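First comes the structure, then the notes that go with it.
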Amino acid sequence: MNGFLLFVIAVTLIYIAYKMPKKENIQREEDAASKQERMVARQLTTLRGATCELVMANTFVTFEAQVLDSDDEWVLLLVPGRKQDERRVVRISQIREVRELA
């Protein structure tokens, strides 16, 4: 009975070790995310003053705004409202895609 219990524990530990995320995979995902952020940040720098359509990363919400200013981490947007325009500060890592509107 003790041998069977040790066998079950050993198999469970091997399974857990196998299912844990590998460092290389985590590093690749972080590199891909930072590459996406750098690409969006570079694109926003060139679009200052332009009206753009922004797609948010986690929620896939799309909205229209004018890009007022941006840096490596944040972007300042002017979002048109019903009564009054609203300024918003958005983290670049939360933006999935930017499209310039003609």
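The values are calculated or read from the model by the stated rules, or taken from the named source; none is laboratory data. Quick caveat: nothing in here was measured; it's all calculated off a predicted structure. Quick reminder, even Gly has a Cβ in these numbers, built from the backbone with ideal geometry, and neighbours come from all protein chains shown. Remember, those area values only see protein heavy atoms, side chains included, never the ligands or the DNA or RNA. Shrake-Rupley method; radii C 1.70, N 1.55, O 1.52, S 1.80 Å.
Rounded to the nearest 10 degrees, what's the angle between the helix 2-19 long axis and the longest principal axis of the chain, both from Cα atoms, 0 to 90? Taking Cα atoms only, the helix is inclined about 20 degrees.
Scalar couplings 3J(HN,Hα) for the range 80-93, obtained by applying the Karplus form with A = 6.51, B = -1.76, C = 1.60 to θ = phi - 60°, are x, x, 5, 9, 8, 6, 10, 8, 10, 10, 10, 6, 4, 5 Hz; x denotes Gly and Pro. Calculated accessible area for the range 1-65 comes out at 81 Å² per residue, all protein chains present (probe 1.4 Å; ligands, DNA, RNA ignored).
Taking amide H atoms as placed 1.01 Å from N in the peptide plane, the amide H of A50 lies under 5 Å from those of V67, each 5 or more residues away in sequence or on another chain. Only protein atoms count toward the accessible area here, which uses a 1.4 Å probe; on the chain, the carbon and sulfur part of that area reaches 56 percent. To the nearest ten degrees, helix 23-46 and the longest principal axis of the Cα atoms of the chain are 0 degrees apart. Taking Lys and Arg as +1 and Asp and Glu as -1, the other residues whose beta-carbon sits under 14 Å from that of L76 total -2. The chain: percent of C-alpha pairs farther apart than 15 Å? Percentage above 15 Å: 70. Relative contact order of the chain: 25 percent, from C-alpha pairs under 8 Å at least 6 residues apart in sequence. Each Lys or Arg adds one and each Asp or Glu subtracts one; over the other residues with Cβ under 9 Å from the Cβ of T51, this totals -3.
In straight-distance terms, cross-link reach from K22 covers every one of the aspartates and glutamates whose alpha-carbon lies under 17 Å from its own, apart from those fewer than eight places away in the same chain; here that gives E30, D31. Taking all protein chains together, S70, S93 sort by accessible area into S93, S70, largest first [probe 1.4 Å].
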